[in-house]
Amino acid sequence: MRMADPLNAIERQALNDALDDEYKSHATYRQVIADHGPIRPFINIVEAEARHIRALLDLFAAYGIAAPADRWTGATPRFASVRDACVSAVQGEIDNVALYDKLLASTRRPDILAVYHALRAASLDRHLPAFQRCAQRRL
């Protein structure tokens, strides 16, 4: 496999920021499941977050750079109720979309942009509406 042209410092930082945010979401949603059981939408979206992590790790590998460690497992917030978790997840997904809006300006590389666009779309079009519905339910 041919190594891609090296990333510049801005591109490396953007990938680190993206991966850190995906680690945070994944760990937070896993904690909600541990605390409240296998509830939707968390059981579905935690798997999506794992796929997002793998997509980003593939980019780290393609560019031959070391990925940062997951600093979130065991260090995420805990929620007294599922509704509280859903309300927090709504804001988390809004923040995730805003992050990708920023990261899209960090590179012109088509492979990286494709991943950023896909992950942004997943947050905006699927995760955010699912958590909004969850937050509106009476639990």
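For this structure, a couple of remarks:
- Contact order relative to length of the chain, as percent, for alpha carbon pairs under 8 angstrom and 6 or more apart: 31
- Computed on the Cα atoms alone, the convex hull of the stretch 26-139 gives a volume of 95 cubic angstrom per residue.
- Here the chain is scanned for trypsin sites (Lys or Arg not before Pro) in DSSP loops (not H, G, I, E, B) that have at most 16 other Cβ atoms within 10 Å, and the longest stretch holding none of them is 3-70.
- The translational diffusion coefficient of the stretch 1-48, from Stokes-Einstein at 10 °C and 1.306 mPa s with a Kirkwood hydrodynamic radius over alpha carbon pairs, comes to 125 µm²/s.
No lab work stands behind these numbers, since they all come straight from the coordinates. Computed from a prediction, not measured in an experiment: that's the story for all the values here. Note: ideal-geometry Cβ built from the backbone for every residue, glycine included; neighbour counts use all protein chains shown.
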